[in-house]
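Each remark here refers to the structure printed beneath this line.
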Amino acid sequence: MAVDRHAEEQQLIALMIAYQKGDADAFSGLYEALKRPLIRYLWTFVRNQTTAEDLLQESFLQLHRARQTYTPPRPVRPWVYAITRHVALMHLRTMRRRKEIMPDEDLPEVPVPPEMDQLADRATVQRLLGALPRAAQEVLILHHLLGMSFEEVGAIVGISPGTAKVRAHRALKKVRQRVIEEGA
Amino acid sequence: MSLDAIPNGLREAIENDLQPVRPLHPVWLRTMLAVAILAVVLASVLAKASLRPDMDQLPMWLSWGCSVLQLAFGVLLIGLALREAVPGAGIPRGAVHVAAATALAVQILVGIATSVYSPAITMPGSGVTPGIGCLRHETVMALPTFIATLWLVFRALPLRAPTAGLLGGAGATVASDAVIHLLCPVANLSHVLVWHSGAVVVFMAIGWSAGAVWERLRWRRAP
């Protein structure tokens with residue numbers, strides 16, 4: 001698994017270098033490799049399929065405009081996710097300013113990390129995850145679902161790796177506690 | 001693989017602007033650029049100005065020692081600002097708070113130590129006139145490095161631009177105060193706290209505001 005992650009990261013770095021040289025196919029490769037995990041990540045912010053897809057496009061536009069700010073051979077994913085996160089936060093800020101609220105029926109399923117699948121039935125875990133604060137959800141999704149290290153999570157969110165670890169641990173503990181409480 | 005699988009709007013935007021770009025230089029190299037400007041400014045001031053009158057009476061650790069400490073810390077803050085400007089490489093919020101607080105603490109502690117060890121207040125320090133003089137000198141010395149740092153910060157993509165600006169402002173002034181500390185004839189604590197530390201606070205605030213304005217303009221232009 002660790003080897004796969006390393007190979008995947010090396011492939012992203014190679015694509016990013018080619019993209020910086022003006023290779024359109026490299027951009028397509030990056031888009032293909034990153035669109036699904038980015039959509040999953042964006043759901044922690046907007047929970048609306050259409051908006052998440054719009055934000056994904058906007059994120060890739062921002063990545064394109066900022067492509068010179070990636071310095072090889074640094075890992076690509078923290079760079080990509082940090083920009084995507086900022087796009088999502090700016091969107092939320094605009095929504096708050098306009099006082100726009102998403103209708104409840106638009107809320108999609110919260111992705112469930114594999115570690116949490118056996119805690120209870122999927123619907124319960126999804127509901128409990130959805131009730132967590134966004135900061136906790138974000139760390140859980142990045143680490144447990146998208147497989148980022150806590151160093152990478154810290155770099156994306158702007159916190160120390162230790163804080164990211166504590167945040168993920170507390171969130172998991174909270175979900176477990178709620179499962180036990182509800183079971184009782 | 002082609003761009004066909006990509007949504008039309010995005011594909012067109014990419015196709016219309018796909019010229020090669022040169023990757024940003026590493027943070028240490030960009031820091032060195034800002035440090036080069038800082039070195040030229042500070043060296044030219046040191047070459048022309050005379051050292052403080054009580055220089056011989058101050059212990060070495062307090063005169064040159066504190067000056068080197070301030071310079072090193074200023075350069076570190078500039079480096080942090082430039083690191084903060086790169087997406088996905090930002091420094092943790094806690095570290096930002098510690099860096100900003102330490103910048104002020106260094107100024108205050110150097111001021112207190114100087115006022116304790118200086119044999120005499122060599123100039124009346126409570127007046128506004130010498131204070132404005134110091135603020136002017138500090139501004140003139142810090143400004144080139146501050147502008148260069150902000151330029152380097154904004155050439156990257158700071159996702160917390162006010163934070164990067166604040167660190168850049170703190171770094172430029174703390175480093176410049178390393179030389180002011182060797183030149184200013186006023187050892188009065190109130191003078192150092194109000195005017196020297198005040199300059200750091202003012203530049204931090206300007207850096208923060210410049211970052212906020214840049215952020216608003218940058219993301220307003222976003223499609």
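Could you please state how large a percent of the accessible area of the protein assembly as shown is carbon and sulfur, counting protein chains only and using a 1.4 Å probe? All intermediate terms of the calculation are to be shown ahead of the outcome.
Numbers: 11780 of 18950 Å².
Heavy-atom surface of the protein assembly as shown belonging to carbon and sulfur, 1.4 Å probe: 62 percent.
The modelled label-to-label distance between residue A:4 and residue B:46, using points 7 Å beyond Cα along the C-beta direction, is 5.7 nm. Once the Cβ-Cβ distance between residue A:68 and residue A:89 is put in as r, and R0 is 30 Å, what FRET efficiency do you end up with, to the nearest 0.05? E(calc), rounded to 0.05, equals 0.85.
How much length would be gained if the chain were fully extended between residue B:93 and residue B:217, taking 0.36 nm per residue of separation minus their Cα-Cα distance, in nm to one decimal?
Numbers: separation 124, 0.36 × 124 = 44.64 nm, distance 2.35 nm.
So the extension gain works out to 42.3 nm.
Both numbers refer to the Cα atoms of the protein assembly as shown; Rg and Dmax are 25.3, 80 Å.
Given +1 at the Cβ of Lys and Arg, -1 at the Cβ of Asp and Glu and no other charges, the dipole of the protein assembly as shown around its Cα centre is 660 debye to the nearest 20. Springs join every pair of Cα atoms under 10 Å in this Gaussian network model of chain B, and among B:138, B:15, B:84 the largest mean-square fluctuation is at B:15. For chain B, the dipole from Cβ point charges (+1 on Lys and Arg, -1 on Asp and Glu) about the Cα centre works out to 260 debye, to the nearest 20.
Rounded to the nearest whole Å³, what is the per residue volume of the convex hull around the Cα atoms of chain B? Don't skip to the answer; put the middle values down first.
Working: hull volume 29.5 nm³, N = 223.
So the per-residue Cα hull volume is 132 Å³.
Pairs of lysine in the protein assembly as shown with Cα under 27 Å and at least 8 positions apart or on different chains: total? Display every interim value, and only then the final one.
Numbers: A:21/A:35; A:35/A:165; A:165/A:173; A:165/A:174.
So the count of such lysine pairs works out to 4.
Contact order normalised by length for region B:93-211, with contacts defined as Cα pairs under 8 Å and 6 or more residues apart; what percent is it?
Numbers: 138 pairs, mean separation 50.5, N = 119.
Relative contact order, region B:93-211: 42 percent.
Each of residue B:56 and residue A:177 was given a label point 7 Å from its Cα along the Cα-to-Cβ line. The distance between the two points is 6.9 nm.
Under the rule of -39500 (n - 2.57) per DSSP H run of 4 or more residues, summed and divided by the residues of chain B, what mean residue ellipticity at 222 nm is obtained, to the nearest 500 deg cm²/dmol? Don't jump to the answer; show the numbers that get you there.
On the way: 7 runs with 149 residues, N = 223.
Computed ellipticity for chain B at 222 nm equals -23000 deg cm²/dmol.
Straightening the chain between residue B:201 and residue B:128 buys 24.5 nm, computed as 0.36 nm per residue apart minus the Cα-Cα spacing.
Using the alpha-carbon centroid of each, what span in Å lies between region A:3-39 and region B:82-119? So the separation of the two Cα centres works out to 38 Å. Using a simple spin-label model with pseudo-atoms 7 Å out from Cα toward Cβ, residue A:18 and residue B:101 lie 4.9 nm apart.
What 222 nm value per residue comes from the helices of chain A, counting each DSSP H run with n ≥ 4 as -39,500 (n - 2.57) and dividing by all residues, nearest 500 deg cm²/dmol?
On the way: 9 runs with 131 residues, N = 184.
Theoretical 222 nm ellipticity from helices: -23000 deg cm²/dmol.
What area, in nm² and to one decimal, does the C-alpha convex hull of region A:109-184 cast on average over all directions?
Details: hull surface 18.0 nm².
Directional mean of the projected Cα hull area for region A:109-184 stands at 4.5 nm².
Around residue B:203, with a cut-off of 15 angstrom between Cβ atoms, what is the net charge of the other residues, counting Lys and Arg +1 and Asp and Glu -1? Intermediate values should be presented prior to the final figure.
Details: positive: B:136; negative: B:138, B:177.
Computed value for this residue: -1.
The values are calculated or read from the model by the stated rules, or taken from the named source; none is laboratory data. All figures in this text were calculated on a predicted structure; none of them were measured in a lab. Heads up, the Cβs are rebuilt from the backbone with ideal geometry, glycines too, and the neighbour counts pull from every protein chain shown. Surface accessibility is based on the protein's heavy atoms, side chains included, excluding ligands, DNA and RNA. Shrake-Rupley method; radii C 1.70, N 1.55, O 1.52, S 1.80 Å.
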